[in-house]
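Trainee: The structure is given below, and queries will be raised subsequently.
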Amino acid sequence: MNLAMDLAYLGAHRVSPNPMVGCVVLDKSYKLLGYGYHERFGSAHAEKNALANVSKDDIKGAHVFVTLEPCAHQGKTPPCADYLASLPIESLTYGLQDPNPQVAGRGIEVLKAAGIKVYEYQGQDKKRLHDLLDSFLFHLEHKRPFYVLKVAVSLDAMIRDGFGESQWITTEEARTHVHFLRSRFHAVLVGKNTILRDNPKLNVRHEDFPNHRNKVIVINSEADLLNKVMELQFYKIRDPHDVYIVCDKSALQEYATEHIEGSLYLEKQTGVQLLALDFASGLPLSAISTSLYAQGIYNVLVEGGSQIHSYFLENQSFDRLYYYQAHKILGGKDALAWTSQVKFSVQEPLQLSLVNTFDFEKEKLMIFKKS
Ligand SMILES: NC(=O)c1ccc[n+]([C@@H]2O[C@H](COP(=O)([O-])OP(=O)(O)OC[C@H]3O[C@@H](n4cnc5c(N)ncnc54)[C@H](OP(=O)(O)O)[C@@H]3O)[C@@H](O)[C@H]2O)c1
């Protein structure tokens with residue numbers, strides 16, 4: 001199952017909105033016969049790929065290990081459960097039951113009806129299976145995007161030095177990892193100042209994913225970014241339709257009096273999508289989530305800056321925190337990853353639990369979820 005999980009991750013950047021799935025096939029003596037993963041949305045599922053080069057003779061009495069219950073519905077490809085049920089396999093072990101209402105246990109029933117022994121994986125790495133499918137499981141259950149906060153800081157949690165320089169806090173190794181991380185998300189969300197101060201591209205620059213296309217959501221209540229957006233890198237390098245500017249409804253009147261609050265408006269001059277909402281009580285994240293979800297944006301990497309980070313921390317609106325911490329101290333003040341508005345008491349802190357860690361040469365990545 002561990003190998004199946006490793007394989008599943010290889011499809012990370014291409015399978016969404018489908019889940020990442022990996023599959024390993026052993027022969028009747030438990031020797032490796034085949035392996036595969038779901039490589040891209042619309043293409044063959046992991047089980048099909050794992051069995052692609054296995055002969056009819058070898059498959060007799062084989063054991064299949066797959067990270068997610070085989071599908072039981074006709075989607076872009078035929079149901080895997082029916083396909084597996086037609087084979088003389090001995091057993092199938094699945095990692096997690098598929099919560100998709102079109103499957104939800106039906107895949108297991110089909111296999112059992114065909115006389116295949118079906119087991120749910122109960123090994124030590126069950127937690128890793130949940131991590132693998134966190135965003136997929138989340139959006140199916142909650143019907144809103146999965147928000148991951150990404151923060152890159154010095155040891156003293158600074159995102160800028162005392163001289164105002166904010167770029168390159170982490171080394172290339174960690175930045176390459178950030179590009180890998182971005183490849184798993186439909187969109188990046190940032191505040192207006194991050195766009196204006198850093199003029200970032202916010203795309204995926206990773207040799208393994210040369211053509212990956214992501215969307216950018218900018219929080220800009222006044223919509224004043226529209227005046228200069230065409231000069232900015234993040235706009236220039238992507239289709240304008242992939243840029244969403246979220247603003248207060250009062251700002252939009254200048255651009256479209258006929259616009260309906262909460263629905264997307266394609267701004268004619270720039271081609272970006274404007275989402276006008278009511279900011280009277282602060283950032284309307286719930287309404288933003290509803291709109292993004294309706295657009296098929298199921299996971300969002302929240303990249304900052306400090307005001308944005310503060311909002312997500314104060315309101316506990318994030319689902320994971322990816323904390324890249326460089327082995328260096330910058331000192332200074334007013335350059336914390338979040339503002340001083342974020343305050344929790346010792347008795348009731350914002351308690352996090354560690355999901356995973358990765359050590360790079362000059363920084364560490366810690367992945368947290370709320371406890
Ligand atoms: N190290 C890192 O991980 C990292 C990542 C990203 C950015 N940064 C750094 O962060 C700095 C920018 O941070 P920042 O705090 O100045 O600005 P920011 O969070 O990027 O943007 C602030 C703007 O976003 C909108 N906004 C943010 N939160 C809002 C809320 N709760 N309600 C309404 N509007 C909201 C507002 O736009 P309007 O004024 O239009 O209302 C606000 O002026 C840059 O120097 C950048 O380099 C660091």
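The values are calculated or read from the model by the stated rules, or taken from the named source; none is laboratory data. If you're wondering where the values come from, they're calculated on a predicted model, not measured in any experiment. When we count neighbours, we look across all protein chains shown, and the Cβ atoms used for this are built from the backbone with ideal geometry, even at glycine.
Trainee: Tally up the residues in region 48-74 that are without any contact (Cβ under 8 Å) to a residue 12 or more places away in the chain and under 22 Å from Val15 (Cβ atoms), please.
Mentor: Residues meeting the conditions: 1.
Trainee: Can you say whether Lys143 is in contact with a Gly (Cβ under 9 Å, 6 or more places away or on another chain), surrounded by fewer than 20 Cβ atoms within 10 Å (Cβ to Cβ) and either among the basic types (Lys, Arg) or under 22 Å from Leu7 (Cβ atoms) (or both), as far as the supplied structure shows?
Mentor: No, not satisfied.
Trainee: Let me ask something else. If Leu189 meets every condition in (1) farther than 24 Å from Val15 by Cα; (2) in contact with a strand residue (DSSP E or B) (Cβ under 6 Å, 6 or more places away or on another chain) apart from one, which number is that one?
Mentor: Result: Leu189 passes all but (1).
Trainee: Of all residues in region 181-199, which are assigned to a helix (DSSP H, G or I) and more than 11 Å from the ligand (Cβ to nearest atom)?
Mentor: Leu181, Arg182
Trainee: Scanning region 135-180 for residues that are in contact (Cβ under 8 Å) with a residue 40 or more places away in the chain and of a type in the set (D, E, K, R), which turns out farthest from the ligand (Cβ to nearest atom)?
Mentor: Glu141
Trainee: Just give me the residues in region 203-227 being in a loop (DSSP other than H, G, I, E, B), out of contact with any Leu (no Cβ under 9 Å at 6 or more places or on another chain) and within 10 Å of the ligand (Cβ to nearest atom), in sequence order.
Mentor: Glu222
Trainee: Shifting gears a bit: Outside any helix (DSSP H, G or I), more than 11 Å from the ligand (Cβ to nearest atom), over 30 Å from Leu140 (Cβ atoms) and not basic (Lys, Arg): does that describe Ser353?
Mentor: no
Trainee: Among the residues that make up region 336-352, is at least one of them surrounded by 12 or more Cβ atoms within 10 Å (Cβ to Cβ), in contact with a Phe, Trp or Tyr (Cβ under 8 Å, 6 or more places away or on another chain) and either modelled with pLDDT of 90 or more or in the same structural domain as Leu149 (by TED's automatic domain parsing) (or both)?
Mentor: Yes, region 336-352 has at least one match.
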